[in-house]
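Report on the following structure.
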Amino acid sequence: QVQLVESGGGSAQSGGSLTLSCTASEATSDHYFLGWFRQAPGKERKGVATIASDGSTSYADSVKGRFTISKDSAKNMLYLQMNNLKPEDTAMYYCAADLNPRVHSAVQALGVKTPSSIFGYWGQGTQVTVSS
């Protein structure tokens, strides 16, 4: 079973930047990675940014203009560049992946509103803490 591993989290000051990375334990299809979600304590996991099979992206309103999702197929990596961080960005961040065409269709149609429950593969998460 493919395992996902996130890295790059940590602490940052408000206005700072962090870049999250996600890699898979084995070579996967270029269409494997689908997005980043985050979960703050006591809150549900929500979509931050998604990238569909055709490369189209979707962002939560709260991060538009500040975060950028990208993939590097040659390196089998998914990234989330986070700029102008705010304290409300503090959360555990997870990358999500799947090869099921139905999941990909959902991401294509719904973007960040795709329910987290339908993704088959998750990383263990990386903590991002932003202080004011």
note = Flagged in segment 1-33 as closer than 25 Å to residue 117 by Cβ, open to solvent by 40 Å² or more (accessible area, probe 1.4 Å) and modelled with pLDDT of 95 or more, in numbering order, are 7
Residue ID - farthest from the chain's Cα centre (by Cα), chosen from residues in segment 84-128 that are surrounded by 15 or more Cβ atoms within 10 Å (Cβ to Cβ) and among the hydroxyl-bearing types (Ser, Thr, Tyr) = 90
key: Evaluation of residue 63 against (1) open to solvent by 40 Å² or more (accessible area, probe 1.4 Å); (2) part of a loop (DSSP other than H, G, I, E, B) (one fails), failing number   = (1)
Residue count for segment 34-60, restricted to those that are in a loop (DSSP other than H, G, I, E, B) and open to solvent by less than 10 Å² (accessible area, probe 1.4 Å) = 1
ask   = Regarding residue 81, is this residue surrounded by 14 or more Cβ atoms within 10 Å (Cβ to Cβ), in a helix (DSSP H, G or I) and polar (S, T, N, Q)?
value = no
message = Going by what's in this entry, would residue 107 be described as hydrophobic (A, V, I, L, M, F, W, C) and closer than 15 Å to residue 48 by Cα?
response = yes
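The values are calculated or read from the model by the stated rules, or taken from the named source; none is laboratory data. Keep in mind the model is a prediction, meaning the values are calculated, not measured. When we count neighbours, we look across all protein chains shown, and the Cβ atoms used for this are built from the backbone with ideal geometry, even at glycine. When the accessible area is computed, the model is the full protein with side chains, heavy atoms only, and any ligands, DNA or RNA have been set aside. Shrake-Rupley method; radii C 1.70, N 1.55, O 1.52, S 1.80 Å.
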